[in-house]
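The values are calculated or read from the model by the stated rules, or taken from the named source; none is laboratory data. Here the structure is a predicted model, which means the values were calculated and not measured. Here the Cβ is made from the backbone with ideal geometry for all residues, glycine too, and neighbour counts use every protein chain on show.
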Amino acid sequence: MKIKKLSFKTLKKYYKTGKKLLNDPIYLEGQKKSKIEFEKKVKRSEIINFLLNKINRETNYLEIGVRNPEDNYSKIKSTNKYSVDPGIEFDKNPVDFKMTSDDFFSYLDQDKVLSKDIRFDVVFIDGLHLAEQVDRDIINSLRYLKEDGFIVLHDCNPPSEWHSRENYYYRMTPAVSEWNGTTWKAFLKWRYDSSVESCCIDTDWGVGVISKKYPIGRKLHSHNLFFEFKTLDNNREEQLNLMSFDSFKKIISETIHNNP
């Protein structure tokens, strides 16, 4: 293919445009926020293993959206582990159930995979990062969750509206290739539900936790009616019930101690 030779004038224009973008305050702020998130030391696998370790019995763990198992799945310590991923982004896809989470739960309901009587201690949701899908995954996971089990979600605390864009493939933003999607909207929806308690651990892009039993965060009453990012950004601690991992561990450990 013949490459078109660009004129000096065009090259100069491209240079000025690129320089303007790279020095734009909003672009720089987006890069800064990504860097801060990368520097947070506690990762999702540590949080999941903490929860599994606190359960004094054989445990069942389900991971929805594995991609590369070295990122998280291989680090999880549970008696029984199950994984679901259609393999769109990772060709090797060495998972137990090579399908979408919707198909997995449909087959589970029909007793075609595992057993419809199975219940999980921890379900980790890190699949398609769009609110509608994440919400379905939460609904389905709750049906197969033990009463003292946990749903854990990745990417619940996007640093900027660019990180929370719907289109993963659009990367000409201050977030560049970093992407949390709209998972936060599904998590926030469940923050309004009185049937569960919830919190978001302030690390690793926001690790959300939902529980039927543990007092990690009561129903949120001040609504972000239209799920506006600016409203979230101005009220993160309240909206997401943000807390440190140490504070979270203390709540879980004290609850177990007081209810042996």
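Observations on the model:
- Scanning the range 42-87 for residues that are at pLDDT 95 or above and among the basic types (K, R) gives K43, R44, K54, R57, K75, K77, K81.
- Candidate set: the range 56-78, residues that are in contact with a helix residue (DSSP H, G or I) (Cβ under 9 Å, 6 or more places away or on another chain) and under 12 Å from V122 (Cα atoms); chosen: the one surrounded by the fewest Cβ atoms within 10 Å (Cβ to Cβ): K77
- If you go through the range 161-173 and keep only what is in contact (Cβ under 8 Å) with a residue 24 or more places away in the chain and within 15 Å of the chain's Cα centre (by Cα), you end up with H163, S164, E166, Y168.
- Residue within the range 200-210 that is more than 30 Å from D121 (Cα to Cα), of a type in the set (A, V, I, L, M) and surrounded by 22 or more Cβ atoms within 10 Å (Cβ to Cβ) present: no
- Qualifying helices (runs of 4 or more DSSP H) (wholly inside the range 1-108; at least 2 residues being touching a strand residue (DSSP E or B) at 6+ places or on another chain (Cβ under 8 Å)): 44-53
- Test for C156: is it assigned to a strand (DSSP E or B), of a type in the set (A, V, I, L, M, F, W, C) and surrounded by 23 or more Cβ atoms within 10 Å (Cβ to Cβ): no
- Residue, farthest from T203 (Cα to Cα), within the range 9-39, restricted to residues that are surrounded by 10 or more Cβ atoms within 10 Å (Cβ to Cβ) and among the polar types (S, T, N, Q): T10
- The number of residues in the range 211-226 being surrounded by 16 or more Cβ atoms within 10 Å (Cβ to Cβ) and within 24 Å of F124 (Cβ to Cβ) comes to 5.
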